[in-house]
Amino acid sequence: LNAGDPTLWPRWLLMFGLALQTTAVWLLVDVEWLDGKAAVPATAKQALGDGDSADAKQASDDYRRWAWGFAKKLHTFGLVWFAAAGSWYVFGTWSAGLRESMFQWPMLTITAATALAPGLPWLLMMVGGRRRAVVIFIALAQFGVLGVNAVSRQIAQNLNLKPYWDVYSLPENVQWGPLVMFLAAFVVGLGVVGWMISRIRKCDPAPQL
């Protein structure tokens, strides 16, 4: 941990803002696609035995309404946090050369996408309505936000290194062995995550003590 790096805190705070947004999106995925099993609300599905009872449905609807409201607030807070930390990172720690490069074509496209992308999940939350199908697009949009930020960060890092080591001038040498191993592990990881989600969906909420 290089505490003397001036970009350390703004980068960490920026990632915390992204984490808040991702948590908000996950809350919607949980409530719409996992029936709230990851959260197990205290008022919903309290060992009522008959999950189709009027009380259980009312409790579930109340929790669903609360979850959407809380997710919108949390995502909005994360969005403001991201904007503040990102502004500090870009305008407070970037060198003049890096800033000039990132704000010129064609790098301007990735810079603009990085800044504006978090607004897409937020916009879908606000105008899409409380529908399961909308949550799919919200989750995909948030996945895209994280991907765009990762690409943008790597580009900025490469440009920072350019005076000492031009990454883009290196000859391509694809190492197929590690690539295949990574992709295989990635597919297995996705399978494990899918299995975990399927198990969660089949579980009954824990009874309230």
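The values are calculated or read from the model by the stated rules, or taken from the named source; none is laboratory data. Every value quoted in this text rests on a predicted model; they were computed, and no experiment measured them. Quick reminder, even Gly has a Cβ in these numbers, built from the backbone with ideal geometry, and neighbours come from all protein chains shown.
Here is how the numbers come out for the structure above:
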quantity	calculated
Some residue of the range 144-161 being in a loop (DSSP other than H, G, I, E, B) and either touching a residue at least 12 places away in the same chain (Cβ under 8 Å) or exposed (fewer than 14 other Cβ atoms within 10 Å of the Cβ) (or both)	no
Residue list for the range 82-97, restricted to those being buried (at least 18 other Cβ atoms within 10 Å of the Cβ) and assigned to a helix (DSSP H, G or I)	82, 85, 86, 89, 90
Answer from 114, 109 - the residue that is closer than 28 Å to residue 75 by Cα, of a type in the set (Ser, Thr, Tyr) and either in contact with a Ser or Thr (Cβ under 6 Å, 6 or more places away or on another chain) or surrounded by 10 or more Cβ atoms within 10 Å (Cβ to Cβ) (or both)	114
Matching option when the condition is more than 23 Å from the chain's Cα centre (by Cα), at pLDDT below 85, surrounded by 15 or more Cβ atoms within 10 Å (Cβ to Cβ) and outside any helix (DSSP H, G or I), among 39, 56, 44, 3	44
Selection status of residue 63, buried (at least 17 other Cβ atoms within 10 Å of the Cβ), under 26 Å from the mean Cα position of the chain (by Cα), at pLDDT below 90 and aromatic (Phe, Trp, Tyr)	yes
